[in-house]
1. Apply 1/(1 + (r/R0)^6) to the Cβ-Cβ distance of residue 275 and residue 193, taking R0 = 51 Å, and write down the FRET efficiency to the nearest 0.05.
2. Quick one: pull the percent of accessible area on region 262-302 belonging to carbon and sulfur, 1.4 Å probe, ligands and nucleic acids left out.
3. Could you provide, to the nearest whole Å², the per residue accessible area of region 138-206 with probe 1.4 Å?
Amino acid sequence: MISVAQAEDDARKRRTRFPILLAVGIGCYVLAVIAGMSLLVDDVGFVVLVLLWIAHGVLLSVLIHRLGAKEPSVYAALFIVLLSAICAPVTDMARDNLSLQQRGERVTATVAKERTTPAKGREGPHTRYTLERQDGTRVRGPEMDMTSDPYDVGQVLTVIEDPEGEFAPEALGDVDATGELIGAGALALAALITIGLTTWWGSEAAWRREARKGPGVTRKVYKTVTRNHTTQAEQEEKLRDALRTYPADRRGYIKVRPEDYPDVSQRRAARIAWEAGLRAEAVGNRGSWRFGETVNEEVPHD
């Protein structure tokens, strides 16, 4: 026979299964958004990006709210959006560097032209270099972009050139995606950990809300798990039969299991026992209900 504690545990596992599946889905959704936004970060305008991030934040807040963490759902969503917004451009840089590493060719080039672009907002000035091969042809791809000014016109250096001309050439020591990969991975992992912690918080909050509803919830859980659909009147009659027919143990107690009577409170059971000429024991029951003609401490009855 399944006990009430086992019934509660089984019911709790079933209740938490859906939030776990939802949390996995939210995690996959967040990773997909990071990947998608990393593809769009250089192709759409700033206003469009902001609108997309706002829409993502609203949807994410709704999904996290369904995990049961009602109070911190907005804050968790904002934190995840912030991490994702940082992770997307870092992922874009890592992908570009990996592509250049895989298909790039090493060439010796000369700085043919140099120009400086003025600062824009928080972005400082950049120095852009036009590079030429030793035979006078231009190195394929956009101008090489640097945040400092380490080269002068006429200086010879070794760069990695993109044969397809999609990416700007990079100095030999600058083509390394390790840092970007570690950074993007750490940011994505932090977002997933936030989802996991929010799921745990929501599960605990839901359990506390149910616990505050009192023993009626326990009886409902037990009846659902065991498919016990008997009425309270039928359970009371079953208890009367047990008190009449069950043998007493060596200490003079008749023992019954309270889980067999999920709709009957202990005080009501004490009343039924009193009507049968017995008293309900209040101490030392160890999960059972015990009834006898004499008890150490009597359970008050209705």
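1. Details: r = 59 Å, r/R0 = 1.15.
The pair residue 275/residue 193 has a calculated efficiency of 0.30.
2. Working: 910 of 2250 Å².
Carbon and sulfur: 40 percent of the exposed surface of region 262-302.
3. Working: 3490 Å² over 69 residues.
Ligands and nucleic acids excluded, the result is 51 Å² per residue.
The values are calculated or read from the model by the stated rules, or taken from the named source; none is laboratory data. This is a predicted model, so every value here is computed, not measured. Virtual Cβ from ideal backbone geometry, glycine too; neighbours counted across all protein chains shown. To get the accessible areas, we keep the full protein, side chains included, count just its heavy atoms, and leave off ligands, DNA and RNA. Shrake-Rupley method; radii C 1.70, N 1.55, O 1.52, S 1.80 Å.
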